[in-house]
Each structure stands twice: as structure tokens, then as C-alpha cells.
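Peer 1: Quick one: structure below, then a few questions.
The values are calculated or read from the model by the stated rules, or taken from the named source; none is laboratory data. These numbers were taken from a predicted model, which means no experiment stands behind them. Neighbour counts are summed over all protein chains in view; Cβ atoms, including those assigned to glycine, are modelled from backbone coordinates with ideal geometry.
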């Protein structure tokens with residue numbers, strides 16, 4: 001029997017810093033049962049490149065379990081992580097994604113240097129609404 005946690009670690013998590021990283025799709029190998037291992041790795045990861053990779057992997061599961069991590073990633077100081085979280089929210093779509101974007105917008109509105117991020121949030125919300133028409 002395959003130990004999913006160990007297999008995820010060996011095939012994905014231990015390779016995050018590899019310069020030859022290719023965004024493989026773990027859904028094909030493990031299904032949704034693997035997402036907690038990637039979420040846990042994101043919560044512990046300090047390198048912004050690796051955090052961005054983990055955010056991409058997490059939203060590619062296309063499961064509601066990704067929403068909390070995507071919301072947290074919108075608070076990340078790395079633009080790459082932040083942009084990958086926006087991509088994930090647009091991909092997942094729905095009311096939950098719109099709620100997360102609205103909360104992020106509310107927080108950023110108080111920051112005068114966040115105009116670009118505010119416009120990205122607005123664009124992401126518009127894309128979600130367009131998909132749902």
C-alpha cells in the first residue's frame with residue numbers, strides 16, 4: 001500500500017527548490033486526499049518561490065479545500081504568491097472566491113500604495129462574474 005504523505009513528500013515537496021521544477025499535477029496520482037499535505041507545506045514554507053509553487057499546486061486540485069489557503073496567500077508579501085492566489089480564485093470561482101476577494105479589497109483599500117493590487121482584485125472579481133453568466 002502506498003503511503004501518500006511520504007510519496008507526496010518524495011515526488012513533490014522535497015523537489016520544490018529544484019531548479020528543474022516542472023508543475024506536475026498531483027491530482028492525477030493522488031486525488032483530493034493529497035491536498036492537506038500541500039496545504040501544510042505552504043503554511044511552513046518560507047521561500048516565496050516555493051510558496052508560489054505550492055499555491056499553484058493547491059488550487060489545481062480545483063476543490064473548495066483550497067479557499068482558506070488562497071485567502072491566506074492574498075496576505076503574502078510576495079507578488080508571485082499573491083498573483084498565483086488570484087489565479088486560483090478565478091479558476092475556482094463562485095461566491096466563496098468573490099467573498100475572499102471582497103475581504104482582501106477591504107483590507108487593501110486602507111493602503112494608499114495598493115492601487116495596482118486593488119485593480120487586480122477588481123479584474124479577478126469581474127472574471128469570476130463573467131464565467132458565471
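Peer 1: Would you be able to tell me the number of residues in segment 90-117 that are free of Cβ contacts under 8 Å to residues at least 24 places away in the same chain and not in a helix (DSSP H, G or I)?
Peer 2: Matching residues across segment 90-117 total 5.
Peer 1: So residue 83 fits all but one of (1) out of contact with any helix residue (DSSP H, G or I) (no Cβ under 7 Å at 6 or more places or on another chain); (2) over 14 Å from residue 124 (Cβ atoms); what number is the exception?
Peer 2: Exception for residue 83: condition (2).
Peer 1: Which of (1) more than 21 Å from residue 35 (Cβ to Cβ); (2) assigned to a helix (DSSP H, G or I); (3) at pLDDT below 95 is the odd one out, the single condition residue 122 does not satisfy?
Peer 2: (3)
Peer 1: Which of the residues spanning segment 44-55 are over 17 Å from residue 11 (Cβ atoms) and in contact (Cβ under 8 Å) with a residue 24 or more places away in the chain? First the steps, then the outcome.
Peer 2: Quick first cut of segment 44-55, residues over 17 Å from residue 11 (Cβ atoms) only: 44, 46-49, 51-52, 55.
The answer is 47, 48, 49, 51, 52, 55.
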